[in-house]
Each structure stands twice: as C-alpha cells, then as structure tokens.
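See below for the structure under consideration.
The values are calculated or read from the model by the stated rules, or taken from the named source; none is laboratory data. Computed from a predicted structure; not experimentally measured. We place every Cβ from the backbone using ideal geometry, glycine too, and count neighbours over all the protein chains shown. The accessibility values were calculated without ligands, DNA or RNA, using every heavy atom of the protein model including side chains. Shrake-Rupley method; radii C 1.70, N 1.55, O 1.52, S 1.80 Å.
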Amino acid sequence: MGAIMQTSASPLMPIPGAIDPVPVRRAVTPREDGRVDLMGLSRMQIKSVFEEAGLDAKAAKLRSKQIFHWLYHRGETDFDAMTDLAKPMRGWMAERFVVGRPQVVEAQVSSDGTRKWLLRSDDGQDYEMVFIPDADRGTLCVSSQVGCTLNCSFCHTGTMRLVRNLTPGEIVGQVMLARDALGEWPKGSMASANDDEESDEASHYTSDGRMLTNIVMMGMGEPLYNFDHVRDALKVVMDGDGLALSKRRITLSTSGVIPMMARAGEEIGVNLAVSLHGVTKDVRDELVPLNRKFGIEELLAACAAYPGANNARRITFEYVMIKDKNDSDADARELVRLLRHYKLPAKVNLIPFNPWPGTDYECSTPERIRRFSDIVFEGGISAPVRTPRGRDIMAACGQLKSASEKKSKAEMRRLAEEKQAALG
Ligand code: SF4
C-alpha cells in the first residue's frame, strides 16, 4: 500500500478557499484484505506497483500494458478472464491486486430516465453519481469529494461537511460503474497486447454510438479543491488505450477557485463551466460564499485567460434561477455587460432552482426565466434554459446528498453492530 501512496502526485496540496478542507494524504483507499486496488492507476503507476511486487522492469512494462487495456478498455475486473495472461500470472495478480468498483448502496431511476447511484467506498464513505440520458447523448455527473466545504446556499451538498477528497480510483470508478450498468464494454476477443504492438484493433474503438458520451465534474464537491486526484482520474478517462473519452466531451465545473483555473486548463484541458449564479457582490456572496474570497471581476478575468477557451469551445456559465434573488431584468443586463466586458466566449446555462428539504429559496416563474433568457439572447449570448432532470429522485442539479447521509448513518450503525456480533 505504502508504495502506491507514494506514487500520488503532490502530497498535501495547499488548498485556497474560504474554509480550507482537511487534505487527506492518500491516493488509494486502503483495503482490509491488504490487496492493492489497481482502479484509477495510470499505466506508469501500474508498472511501478508490479515492479514493487517483484516483476522485473520488462515484465512489469508488458503486464502493465495488458492490464491497463483489460481494466479500462474492456472493463474486466476478474484476472481469470484476462486470457492473454498465463494462468500462473493470473493467480499471482489475484493474490496481490484487485480491480475494484465502488459498492452500490442504492440505484434509483427517475420517471424521466435519469439514474442516480448512491455509492460507498472501501472505508465506508458515501457519495453519489447521476446519469442523464438524452436522445443524442448521455451525460454522467461525477462527484469529486464526499461532501463539500463551500456551502453554496442554494445547494444541498453544501449543507454537508467535507468528509474527504475522493481518490482517482473512486473518481474513475464512477465512470467504470456507469459503463458496467449500461453494458457498454466491447465484446469479443481481444488482440494480445505486447510491446511491439502499438495499436491493436480494439484500440480504435471510440465513444461514438454509446450511451455514456459525456462527463461533467459537477457532482458532489469542488473539483479544483481536489485538483491532483481529479486531474489524474481524468487523464485515465481520456487515455486513448482505455476509456478514450475526448477532452471535448468532459466538462469541469468550478465555483471559482481562481488560483487553480489556469492549471486546470493547462494540465487537464477539458471544457470549463463556472457556477456564477449572481452578478452583484451581495447576491453572489450569499449564493456562492467563495465570492468573498474571489470576486466576480477577478473570476471573469481568470475565465478570459483560461487556456483553450475560444468560440468553438465556449465557457459555460451556470446560473441558477431563484425567485426574487437573481432573476430580474437588471440582473440579466448586468450579466450580458460583464460577459461582453471580458470578451468571453460564453454560453449561459439557466437552471431552474431545484428545491430540497429545508431550503428557503424558490424557483423563478417560467415567465421570468424566459424573459431573463431572452434578454441574454438579445445581448448576443446563448442562454438556454435547462430542463430539470431527475427531480423526483433528488438527482437534479444542487440536490445531491439527501438520503445518503441518513442512510449512511443507519447503515453504518448496522455494520458496526454486525461487526460487534462477529467479534463475539
Ligand atoms: S454548488 Fe458545488 S461547490 Fe457549491 S456547495 Fe454545492 S457541491 Fe459544493
């Protein structure tokens, strides 16, 4: 275990923010059986754990290439099914390693087809992911943290405390699990991978025609407060020999962690979405308290400097529509002024507020949302209104957490009792 932990990029990254979360120094969640979970590791990391387990450099290189392909391209979790490994090698692997998946605590399907999964890590932490199917695409909304430090006042997740950052394995594991659930792994025999064979037939397999076509880092948590793990996970997701999702189909959403935005553009290079939600200091301070640290103008300047943003790859500004809070004509005009002032290649997503138990906010009326959208459109900026999805199962934007916390406590109690009973 220790060996893998050292392969994690930077330890204890200083995290800027209104309330600094407690960083957790680990890239892999320890397992009770002592075996190492390969999920989330890059090819290089797999190679080094194989070397540390006793393979020589040449064998480790070959095996890591084969295993990487089985893991991320074929979705295989059973070493015994990895037919291009000799039988003794399969046994050797199974003794030392596992290919994990998050445990599914609950899976729900909304009347509109949206699916939500409550997941659990090996150390008993709960988090959620949501799959939103559309006619021509399917988007997986992935969590980056258990809970969140940012306390955005319109967001249910913000009422949870931060428990911990998710590991790269737990982030990639969400994508793997969704693929499992959707039955989207390639079938048939796999060409044997070896050092001389740079591209086998299966490597040309793309995401076209699949249900899961897009990923948004918009689930629980602020991804830029878990930068290293999110970057490492997305690199695995984008690797052409594995899941092979194009960076154009991945969007990272931030509430405005300015110091990390340029690095996100340079080191990850995916599309950027920004939770704006307010155009005056007072309103944004209330809705997104991080605004007290990093103000609107500073944030928009950082967006203008985001590497790779242009008219073909516009930055999405998320704007939740809350009655009598941020939905006036004047707000819409100010939004246009600001986006134009910073010459931003922008698109605005208007999100009707999704209620959750205990919130004082209400959703703007449909007429108000339409009027707001028209003003922004007239200002030359696209401002579609997002259809709420999965509201009936609390899977819509800003609703995540809900039952998970209660369920987790009840479940944890039950597990503790079971453990006690087992101990006699
Ligand atoms: S909107 Fe995002 S950053 Fe804000 S509290 Fe919710 S999960 Fe955290």
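Go through the residues of the range 221-242 one by one and say whether even a single one is of a type in the set (Ser, Thr, Tyr), within 28 Å of residue 154 (Cα to Cα) and surrounded by 22 or more Cβ atoms within 10 Å (Cβ to Cβ). Spell out the reasoning first.
Filtering the range 221-242 down to residues of a type in the set (Ser, Thr, Tyr) leaves 225.
Filter again for within 28 Å of residue 154 (Cα to Cα), leaving 225.
Okay, now just the ones that are also surrounded by 22 or more Cβ atoms within 10 Å (Cβ to Cβ), so 225.
Yes: one or more hits.
Would you mind finding the one in 131, 154 that is in contact with a strand residue (DSSP E or B) (Cβ under 6 Å, 6 or more places away or on another chain), among the aromatic types (Phe, Trp, Tyr) and more than 16 Å from the ligand (Cβ to nearest atom)? Quick ask: steps written out before the conclusion?
Working: 154 fails: more than 16 Å from the ligand (Cβ to nearest atom).
The match here is 131.
Residues 232, 200: which one is at pLDDT 95 or above, of a type in the set (D, E, K, R) and away from the ligand (no atom under 16 Å from the Cβ)? Spell out the reasoning first.
Numbers: 200 fails: at pLDDT 95 or above.
Every option except 232 fails the conditions.
Checking residue 328 against (1) over 16 Å from residue 383 (Cα atoms); (2) of a type in the set (Ser, Thr, Tyr); (3) open to solvent by 20 Å² or more (accessible area, probe 1.4 Å), only one condition comes out false. Which one?
(1) is the only condition that residue 328 fails.
Say we look at the range 326-336 and pick out the residues that are away from the ligand (no atom under 15 Å from the Cβ) and part of a loop (DSSP other than H, G, I, E, B); which of these is farthest from residue 363 (Cα to Cα)? If you could, list the steps in order and put the result at the bottom.
From the range 326-336, those away from the ligand (no atom under 15 Å from the Cβ) are 327-336; that's our starting set.
Remaining after also requiring part of a loop (DSSP other than H, G, I, E, B): 327-328.
Working: 327: 10, 328: 13 Å.
Checked the range 326-336; the qualifying residue farthest from residue 363 (Cα to Cα) is 328.
I need the full set of residues from the range 270-282 which are within 13 Å of the ligand (Cβ to nearest atom) and within 23 Å of the chain's Cα centre (by Cα), in order please.
Here is the first cut: in the range 270-282, the ones within 13 Å of the ligand (Cβ to nearest atom) are 273-278.
Across the range 270-282, the qualifying residues are 273, 274, 275, 276, 277.
I'd like the full set of residues that are over 14 Å from the mean Cα position of the chain (by Cα) and near the ligand (Cβ under 7 Å from one of its atoms), limited to the range 137-151. Explain how you work it out, then say what you get.
Initially, the range 137-151 is screened for residues over 14 Å from the mean Cα position of the chain (by Cα), giving 137-138, 149-151.
If the condition is that a residue be over 14 Å from the mean Cα position of the chain (by Cα) and near the ligand (Cβ under 7 Å from one of its atoms), then 150, 151 are the ones that fit.
Give 261, 238 a once-over and let me know the one that is free of Cβ contacts under 8 Å to residues at least 60 places away in the same chain and within 18 Å of residue 43 (Cβ to Cβ). So that I can check it myself, show each step before the final result.
Working: 261 fails: within 18 Å of residue 43 (Cβ to Cβ).
It is 238.
Pull up the range 241-255, narrow it to residues that are of a type in the set (Gly, Ala, Ser) and out of contact with any strand residue (DSSP E or B) (no Cβ under 6 Å at 6 or more places or on another chain), then point me to the one that is nearest to the ligand (Cβ to nearest atom).
The first filter runs over the range 241-255 and keeps only residues of a type in the set (Gly, Ala, Ser), leaving 242, 244, 246, 253, 255.
Applying the additional criterion that residues be out of contact with any strand residue (DSSP E or B) (no Cβ under 6 Å at 6 or more places or on another chain) yields 242, 244, 246.
Numbers: 242: 27, 244: 28, 246: 24 Å.
This residue is 246.
Conditions first: (1) at pLDDT below 95; (2) open to solvent by less than 20 Å² (accessible area, probe 1.4 Å). Residue 388 passes all but one, so which condition is the exception?
It is condition (2) that residue 388 fails.
Hey, does the range 414-423 have a residue that's modelled with pLDDT under 75, in a helix (DSSP H, G or I), polar (S, T, N, Q) and surrounded by 20 or more Cβ atoms within 10 Å (Cβ to Cβ)?
Step one: list which residues in the range 414-423 are modelled with pLDDT under 75, which gives 414-423.
Add one more test, that the residue is in a helix (DSSP H, G or I), and what stays is 414-423.
Restricting the remaining residues to those that are polar (S, T, N, Q) gives 420.
Add one more test, that the residue is surrounded by 20 or more Cβ atoms within 10 Å (Cβ to Cβ), and what stays is none.
For the range 414-423, residues modelled with pLDDT under 75, in a helix (DSSP H, G or I), polar (S, T, N, Q) and surrounded by 20 or more Cβ atoms within 10 Å (Cβ to Cβ): absent.
Considering only residues that are under 16 Å from the mean Cα position of the chain (by Cα) and more than 22 Å from residue 152 (Cα to Cα), look in the range 245-264 and name the one that is most open to solvent (accessible area, probe 1.4 Å).
The qualifying residue most open to solvent (accessible area, probe 1.4 Å) is 248.
Tell me, yes or no, whether the range 296-303 has at least one residue that is more than 22 Å from residue 345 (Cα to Cα), touching a residue at least 40 places away in the same chain (Cβ under 8 Å) and of a type in the set (Gly, Ala, Ser).
Let us first name the residues in the range 296-303 that are more than 22 Å from residue 345 (Cα to Cα), namely none.
No: the range 296-303 contains no residue that is more than 22 Å from residue 345 (Cα to Cα), touching a residue at least 40 places away in the same chain (Cβ under 8 Å) and of a type in the set (Gly, Ala, Ser).
Name the residue that is surrounded by the most Cβ atoms within 10 Å (Cβ to Cβ), counting only residues in the range 283-317 that are in a strand (DSSP E or B) and within 16 Å of the ligand (Cβ to nearest atom). Write out each step before concluding.
We begin by selecting, within the range 283-317, every residue in a strand (DSSP E or B); these are 315-317.
Adding the requirement that they be within 16 Å of the ligand (Cβ to nearest atom) leaves 316-317.
Details: 316: 19, 317: 26.
Top of the filtered list is 317.
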